[in-house]
Every structure is written in C-alpha cells, then in structure tokens.
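Q: Please read through the structure below; I'll follow up with questions.
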Ligand SMILES: Nc1ncnc2c1ncn2[C@@H]1O[C@H](COP(=O)(O)OP(=O)(O)O)[C@@H](O)[C@H]1O
Ligand SMILES: [Mg+2]
C-alpha cells in the first residue's frame, strides 16, 4: 500500500500563482476524480507534479510514502510512482514509443506484443503506435496512446488530465474501464481530471475533489457528481482568499 | 616529399590521354588553390590545409578499408570497388547494366567546372572515369554500389552514371577509410527522359580526412531523382550537389544530412537549377553539430526565364548540441521567371526542452531522452532511404551518438 499526499501545494506560471494551497490525499487502488471550472489550475497542478519546466513550485509538498516528489527529476518522479497522461500529448518526431519504453526501463521481452494488447484494450489501432510519437495522430488517438504508455509503465499513481477530451463515447468507455481495471491489476491509484460525469459510470471513483481557483474546495463521494451536473460549480463556495 | 604539383605533372604525362589532362591541369594552375578570403571557402579550415602534405595516389592501394563496402555488398545487385579512385573490382555482371572505365574528361566537359580548383584537379589526375550505363527501360533489381576506399593519399575518384530513357536504378556511393587523406570526388549523373534514380552518397571517412565532393545531376524530361547525401566523417566535409532540370516535368528531391563532433566542419552546398518549365525540386537539409563542430548550408535556387510553373523548395534544420557548436544557413534565390512557386524555411537551435521533458516524464533518463531525440532528428531523414541502407546508416549514427555528451 502506498499513499500520495499533496499538502499546501502552490504553483506559479510566469509571475502568477495559479495553484494556491492545494491539498489532496489518496491511497493505492483508489480512483479519484478532480472536477473544476476552466482555468482553475487543474492542468497546472498536473504539469507541476510531473516536473514540467514551465511551472514553478512556490510552496507546499507532494510525497509518495513520505518521499518528496518535488526534489526528484521528472524521470525519477515517474519511476518513483507518479505518471501523468497529458491533456495535450506532445509530438516527438523521429522517436518511437517502443524505444521510449525500453529507455524507460520497461521489460523489453515481448514488448511489441504487450503494446498491441494494450492498444486494443482502448480501441486504438496498434500500427498507429509504430509511428513517431503522436505525429499524425488525432486528439483522441493521442489520448489513448497515453493510456497505453500508462499501462506499460504500471506506475503506483497516475494522473489523467482531461481524459475525455477528443474521445468518442465508445473510446471513452474503453479508457475508463482500462483505468478502473488498473486499480485491480496492480493496485494503481488513479486520479482523473474530467468535466464529463458520464465517465463516472465506468470509472466508479470513490472520491470527487472540486477545484476552484487553485484549491480543493470540496471533497466528497460519487454523489457530488449529480450535484455538479444540476447546479454547476457555484454552490461549492469560493476558495479562501489568502490561502 | 615531391611537391604535389610535380608528382601530378609526372602522373599526367604518363597517361595515354595526357593532352586533355594537361589542359585541366593548366586551368587548375590558372584558377589557383582557394583562399579563405573567397566567400565560398570562408568556412573551410584552409590554414590547416597544404596540398604538398599529400602523396598523389598513382596506383591502387594494396589493402584499402572495406568494411562499409562489405556491408553494402550484401544488399547490392553489384558492388564496384574503387581504391584511391582506381577500380579494384568492377563487380558482377547485371543484365542491362554496363560498367566501363573511360579516360578523363577534357575540353567542353570542363566548362561547368571552369573556376572550381578541386574539380579541375580531379579532371587532371583522376585515374579514370568509372562509368555505369543502365540501358533504356531497364529496372535494376538491387542497388548498384560504388564503394570507394581511401588510403593515406590524395585520391581523385570520378564516376559517371547514365540512366537511359525509362531506366530505373538505385545507386549507392560510399566512402570510407582515408586517414590523413584528401578525397576529391567528382560525380556526374545523367538521367534520360522518364528515368528514375535513387542516389545515396554516404561518407564516413576518417576524422582527419578532407573530403571534397561535387555531384551534378542532369535531368531530362519527366526524369526523377531522389538523392540523399549523408556525411558523418572527415575533418572538413565539403559536398556540393547540383541538380539541373533540363527537361520539362523533371523532379528532384534532395535530402542532405550530417553529424559533426570534435572540430569537424560540414560545408554543404546545393544548387537547384531549373531550366525547363513545370519542373520541381525539394531540398531538405538536416544537420547536427556537437562539441566545437561547425556546419554551413548554402542553398541556391536558380530559375531560368521560361521555366514557368516551377516549384522549388528548401528546408534547412540545424541542431546545436553544445554552446561551442555553430551552424550557418545561407539560402539564395536567383529567379528570372515570374510564374513560379518558391519556399524557404530554416531553423537553428538546441533540442526542444518540452519534448525532452515529455520523454523524461515517461521515465526516460535525460541523457537517453537526448540521445533518442538526436537519433530521431536523423531517423526522419534515414527513414526515406532504401531500407537496407537505412539500417546500416542508423547503426552508424547510433555509434556516432554513443560517445556524445550533450550540454543541458
Ligand atoms: N503556460 C501558461 N502560460 C500562461 N498562463 C498559463 C499557462 N498555463 C496555465 N496558465 C493560466 O493558469 C490558469 C490555470 O490554467 P490551467 O491549469 O490550464 O487550468 P485548467 O486545467 O483547470 O483549465 C489559467 O488562467 C491559464 O490561463
Ligand atoms: Mg486543463
């Protein structure tokens, strides 16, 4: 059992603080969802946790089992257990997925076959993954390619940023089921950023965190989704201003 | 050691076609060795160059380097082996293909080289012209390999490849060896109407070599040339590639790629010369320089009056892998016709930091991420080559990158 603990996290983009004292805790095997209005800092949180060079941590902590992720290189963060699937995956011309996974230390034995199996699980044509990374892939294909990477890297925790964007209904179901299964298969802690409450049927999260202006303002059970659906984010109150 | 000019004269006098060679040597004398003050030579380390340091190759070497030749011969229809420009093995017979050995060019054939000292010198002292003719309508089943090994000499290989109308072939020109050498190469390629040639020119000479190559392709009506030039070796690697679109509908795609480390200099020059209407040319140049290596890409698009509906493009990307490395990009246009499309794009810079982070965030260590990206920079080019050659060159690129330290 592992635990991911984020406490009082603050992140700046340029000279603007976008994540402003964010707290979140989850255990291995749990499925959590983060919902929040556009611009509330969800992607900023995701990028900062993964060590993106454009984001500056200005305060707080993020740890797995007491080991600070923020002191680690981006490579070591994922190796230590936190994987990020991007909202907008990046093209890397000339570089192929299989080479990346091998360089990342994934067991090379039968790798191509395992990539194929994982692609099929999320309804992605496997041959798309022998192209250069994300080059000439549609938005939805890129999102599913991220899920394939996730499945082969088998991280302790994974954060999926706007997993629904670009996916059709069928693909969305397949992706949600793949994520849910990972919590059984290797006890993965799955954290999903989404606007799409339909996703919750397949994902079956235990907790929903509502983020506004860079803070978690409410955490509750799956029943929160229905409230959000009906009333929007307004009832969930403003974040404390000084935080 | 005998001064180079003296041994050149002795060699020329002893040849059966001495008259034409003497004319070329006289022209060479008149033009004189280039100096760094000439614009087209400003990137060459001429201070460190002295023709008299080299012994002219007057016989075939006894034991030339052949590892590249051997590797290529496994995928070739035939392999013609040259040593210091001399034919060592004219290969096995291929139906519809004639391989002959002709005297050095003279007179009118030298006009295009009128002011080019190294090409004139080649015409004077080349052992002879290796000539390959692919007969009309013949499609050669595998690559024709011209493998040139160089010894510790000044050598002057010269090839002339003719594709008669409708012929199709893949030709691979490969250069290896050449410790402390000068390799001064001239290649001429004539493509008849509707002929299609895939040409790969690859050099992985020793890093002490001077490699000076000039290749000219002349394309008749509807001929098509897909040409790749790859330079990994040499201290100074100068490669000039001209494509002359003489017949309407002719098309040339040229990809040039190089990798420089240590104090290497890659000096790539191209000329896309459109004489006839409805001709197309595309140049894609990608090079990377590390350590204190330098590169220059100088590309000229020249369009004659009357070459209407010409489409000519240049793209040049340079990767800088250390703060001391330097790359220049010099595009030029000379257009004497209005009804044309021309485009140019270029970039010079380090590895993309966000792409690198993306790979790191998949669990790839930084050094490995850099290596994958640099390799990827080349793979984009090598992927377009015939598969057997692509595999070999990819392995060579991997080996060259293996030792690389990247800043950042
Ligand atoms: N790279 C960036 N440059 C400038 N502003 C940014 C950048 N990334 C995010 N922001 C700003 O930070 C705020 C939060 O953005 P983001 O984290 O992407 O929100 P969300 O993912 O919740 O929609 C927004 O106001 C956005 O404009
Ligand atoms: Mg976002």
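Q: Within the stretch A:13-29, does at least one residue satisfy the condition of being within 14 Å of another protein chain (Cβ to nearest Cβ), closer than 19 Å to residue A:208 by Cβ and within 11 Å of ligand 1 (Cβ to nearest atom)?
A: No, the stretch A:13-29 contains no residue that is within 14 Å of another protein chain (Cβ to nearest Cβ), closer than 19 Å to residue A:208 by Cβ and within 11 Å of ligand 1 (Cβ to nearest atom).
Q: Please enumerate the residues belonging to the stretch A:1-15 that are more than 17 Å from residue A:69 (Cβ to Cβ) and at pLDDT 95 or above.
A: Listed by number, the residues that qualify are A:12, A:13.
Q: Take the conditions surrounded by 20 or more Cβ atoms within 10 Å (Cβ to Cβ), within 18 Å of the chain's Cα centre (by Cα), at negative phi and assigned to a helix (DSSP H, G or I) and apply them to residue A:151. Does it pass? Break it down into steps so the answer makes sense when it comes.
A: Details: surrounded by 20 or more Cβ atoms within 10 Å (Cβ to Cβ): yes; within 18 Å of the chain's Cα centre (by Cα): yes; at negative phi: yes; assigned to a helix (DSSP H, G or I): yes.
In short, yes.
Q: Here's something else I'd like to know. Any chance the stretch B:255-273 includes a residue that's assigned to a loop (DSSP other than H, G, I, E, B) and touching a strand residue (DSSP E or B) at 6+ places or on another chain (Cβ under 6 Å)? Working first, answer last.
A: Taking the stretch B:255-273 and keeping what is assigned to a loop (DSSP other than H, G, I, E, B), we get B:261-264.
So of that shortlist, the ones also touching a strand residue (DSSP E or B) at 6+ places or on another chain (Cβ under 6 Å) come out as none.
No, because not a single residue in the stretch B:255-273 is assigned to a loop (DSSP other than H, G, I, E, B) and touching a strand residue (DSSP E or B) at 6+ places or on another chain (Cβ under 6 Å).
Q: For residues in the stretch A:120-138 being assigned to a helix (DSSP H, G or I) and either under 26 Å from residue B:317 (Cβ atoms) or touching a residue at least 40 places away in the same chain (Cβ under 8 Å) (or both), which is farthest from the other protein chains (Cβ to nearest Cβ)?
A: Keep residues of the stretch A:120-138 that are assigned to a helix (DSSP H, G or I), which gives A:120-121, A:126-130.
Cutting the leftovers down to either under 26 Å from residue B:317 (Cβ atoms) or touching a residue at least 40 places away in the same chain (Cβ under 8 Å) (or both) gives us A:121, A:128-130.
On the way: A:121: 19, A:128: 16, A:129: 13, A:130: 12 Å.
Filtering the stretch A:120-138 for residues that are assigned to a helix (DSSP H, G or I) and either under 26 Å from residue B:317 (Cβ atoms) or touching a residue at least 40 places away in the same chain (Cβ under 8 Å) (or both), the one farthest from the other protein chains (Cβ to nearest Cβ) comes out as A:121.
Q: From the list B:139, B:188, B:180, B:164, pick out the single residue that is surrounded by fewer than 21 Cβ atoms within 10 Å (Cβ to Cβ), in the same structural domain as residue B:255 (by TED's automatic domain parsing) and out of contact with any strand residue (DSSP E or B) (no Cβ under 9 Å at 6 or more places or on another chain).
A: Numbers: B:139 fails: out of contact with any strand residue (DSSP E or B) (no Cβ under 9 Å at 6 or more places or on another chain); B:188 fails: out of contact with any strand residue (DSSP E or B) (no Cβ under 9 Å at 6 or more places or on another chain); B:164 fails: out of contact with any strand residue (DSSP E or B) (no Cβ under 9 Å at 6 or more places or on another chain).
After ruling out the rest, the residue left standing is B:180.
Q: Continuing with the same structure: Would it be correct to say that residue A:69 is away from ligand 1 (no atom under 16 Å from the Cβ) and touching a strand residue (DSSP E or B) at 6+ places or on another chain (Cβ under 7 Å)?
A: On the way: away from ligand 1 (no atom under 16 Å from the Cβ): yes; touching a strand residue (DSSP E or B) at 6+ places or on another chain (Cβ under 7 Å): yes.
The answer is yes for residue A:69.
Q: Take residue A:54 and decide whether it is surrounded by fewer than 16 Cβ atoms within 10 Å (Cβ to Cβ) and within 21 Å of residue B:357 (Cα to Cα).
A: On the way: surrounded by fewer than 16 Cβ atoms within 10 Å (Cβ to Cβ): yes; within 21 Å of residue B:357 (Cα to Cα): yes.
Taking the combined requirement at face value, the residue satisfies it.
Q: Right, here's the next one. I'm trying to understand the selection: among the residues of the stretch B:354-408, which are under 16 Å from residue A:51 (Cα atoms), out of contact with any strand residue (DSSP E or B) (no Cβ under 7 Å at 6 or more places or on another chain) and outside any helix (DSSP H, G or I)?
A: Initially, the stretch B:354-408 is screened for residues under 16 Å from residue A:51 (Cα atoms), giving B:354-366, B:369, B:408.
Those left that are additionally out of contact with any strand residue (DSSP E or B) (no Cβ under 7 Å at 6 or more places or on another chain): B:354, B:356-357, B:360, B:362-366, B:369, B:408.
Scanning the stretch B:354-408 gives B:362, B:363, B:364, B:365, B:408.
Q: While we're looking at this one, here's another question. Among (1) buried (at least 21 other Cβ atoms within 10 Å of the Cβ); (2) within 16 Å of ligand 1 (Cβ to nearest atom), where does residue A:88 come up short?
A: Condition not satisfied by residue A:88: (1).
Q: Please specify each residue of the stretch B:280-309 satisfying the condition of being without any contact (Cβ under 8 Å) to a residue 60 or more places away in the chain and over 18 Å from residue B:237 (Cβ atoms).
A: B:280, B:281, B:282, B:300, B:301, B:302, B:303, B:304, B:305, B:306, B:308, B:309
Q: Considering only the stretch B:90-115, how many residues are crowded, with 16+ Cβ neighbours inside 10 Å, at pLDDT 90 or above and part of a loop (DSSP other than H, G, I, E, B)? Walk me through how you get there before you give the answer.
A: Our first condition is that a residue be crowded, with 16+ Cβ neighbours inside 10 Å; within the stretch B:90-115, this holds for B:90-91, B:94, B:96-97, B:99, B:104-106, B:110, B:113.
If we keep only those that are at pLDDT 90 or above as well, we get B:90-91, B:94, B:96-97, B:99, B:113.
With the extra rule that they be part of a loop (DSSP other than H, G, I, E, B), the set shrinks to B:90-91, B:96.
Total satisfying the criteria: 3.
Q: Next up: Hey, among the residues in the stretch A:207-238 that are over 19 Å from residue A:172 (Cα atoms) and part of a loop (DSSP other than H, G, I, E, B), which one's nearest to ligand 2 (Cβ to nearest atom)?
A: Checked the stretch A:207-238; the qualifying residue nearest to ligand 2 (Cβ to nearest atom) is A:214.
Q: A follow-up question, please. Quick one: which residue in A:59, A:54 is within 26 Å of residue A:210 (Cβ to Cβ), at the interface with chain B (Cβ under 10 Å from one of its Cβ atoms) and without any contact (Cβ under 8 Å) to a residue 60 or more places away in the chain?
A: On the way: A:59 fails: at the interface with chain B (Cβ under 10 Å from one of its Cβ atoms).
Of A:59, A:54, the one residue that is within 26 Å of residue A:210 (Cβ to Cβ), at the interface with chain B (Cβ under 10 Å from one of its Cβ atoms) and without any contact (Cβ under 8 Å) to a residue 60 or more places away in the chain is A:54.
Q: If the requirement is being surrounded by 12 or more Cβ atoms within 10 Å (Cβ to Cβ), at negative phi and either part of a loop (DSSP other than H, G, I, E, B) or outside the structural domain of residue B:331 (by TED's automatic domain parsing) (or both), which of these qualifies: B:69, B:36? Can you show your working first?
A: On the way: B:69 fails: either part of a loop (DSSP other than H, G, I, E, B) or outside the structural domain of residue B:331 (by TED's automatic domain parsing) (or both).
Among B:69, B:36, only B:36 is surrounded by 12 or more Cβ atoms within 10 Å (Cβ to Cβ), at negative phi and either part of a loop (DSSP other than H, G, I, E, B) or outside the structural domain of residue B:331 (by TED's automatic domain parsing) (or both).
Q: Please work out which residue is nearest to residue A:104 (Cα to Cα), limiting yourself to the stretch A:154-170 and to residues that are more than 16 Å from ligand 1 (Cβ to nearest atom) and surrounded by fewer than 18 Cβ atoms within 10 Å (Cβ to Cβ). Even if it seems obvious, please write down each step before you answer.
A: Taking the stretch A:154-170 first, the residues more than 16 Å from ligand 1 (Cβ to nearest atom) are A:154-158, A:167-170.
Subset that is surrounded by fewer than 18 Cβ atoms within 10 Å (Cβ to Cβ): A:154, A:168-170.
Values: A:154: 12, A:168: 30, A:169: 32, A:170: 30 Å.
If we take residues in the stretch A:154-170 being more than 16 Å from ligand 1 (Cβ to nearest atom) and surrounded by fewer than 18 Cβ atoms within 10 Å (Cβ to Cβ), then A:154 is nearest to residue A:104 (Cα to Cα).
Q: Here's another thing I want to ask about it. In the set B:319, B:351, which member is assigned to a loop (DSSP other than H, G, I, E, B) and within 14 Å of chain A (Cβ to nearest Cβ)? Reasoning before the result, please.
A: On the way: B:319 fails: assigned to a loop (DSSP other than H, G, I, E, B).
After applying the criteria, what remains is B:351.
Q: Among the residues of the stretch A:30-51 satisfying the criterion of being more than 8 Å from ligand 1 (Cβ to nearest atom) and either away from chain B (no Cβ under 14 Å) or surrounded by fewer than 19 Cβ atoms within 10 Å (Cβ to Cβ) (or both), which is farthest from residue A:178 (Cα to Cα)? Even if it seems obvious, please write down each step before you answer.
A: We begin by selecting, within the stretch A:30-51, every residue more than 8 Å from ligand 1 (Cβ to nearest atom); these are A:30-35, A:48-51.
The next check asks that each one be either away from chain B (no Cβ under 14 Å) or surrounded by fewer than 19 Cβ atoms within 10 Å (Cβ to Cβ) (or both); those that pass are A:30-35.
Details: A:30: 14, A:31: 12, A:32: 15, A:33: 15, A:34: 18, A:35: 20 Å.
Filtering the stretch A:30-51 for residues that are more than 8 Å from ligand 1 (Cβ to nearest atom) and either away from chain B (no Cβ under 14 Å) or surrounded by fewer than 19 Cβ atoms within 10 Å (Cβ to Cβ) (or both), the one farthest from residue A:178 (Cα to Cα) comes out as A:35.
Q: Test of understanding: among B:356, B:367, which residue is within 14 Å of another protein chain (Cβ to nearest Cβ) and either within 24 Å of residue B:270 (Cα to Cα) or at pLDDT 95 or above (or both)? Let's see the steps before the verdict.
A: Details: B:367 fails: either within 24 Å of residue B:270 (Cα to Cα) or at pLDDT 95 or above (or both).
When all the criteria are applied, what remains is B:356.
Q: A follow-up question, please. Residue A:173: surrounded by fewer than 19 Cβ atoms within 10 Å (Cβ to Cβ), assigned to a helix (DSSP H, G or I), touching a residue at least 12 places away in the same chain (Cβ under 8 Å) and at negative phi, yes or no?
A: On the way: surrounded by fewer than 19 Cβ atoms within 10 Å (Cβ to Cβ): yes; assigned to a helix (DSSP H, G or I): yes; touching a residue at least 12 places away in the same chain (Cβ under 8 Å): yes; at negative phi: yes.
Yes; evaluated as a whole, the condition is true for this residue.
Q: Need the failing condition index for residue B:365 against (1) outside the structural domain of residue B:304 (by TED's automatic domain parsing); (2) buried (at least 21 other Cβ atoms within 10 Å of the Cβ); (3) in contact with a helix residue (DSSP H, G or I) (Cβ under 8 Å, 6 or more places away or on another chain), just the number.
A: Every condition holds for residue B:365 apart from (2).
The values are calculated or read from the model by the stated rules, or taken from the named source; none is laboratory data. Remember, it's a predicted structure, so these values are computed and weren't measured experimentally. Cβ sites come from the backbone with ideal geometry, for glycine too, and all protein chains shown count toward neighbours.
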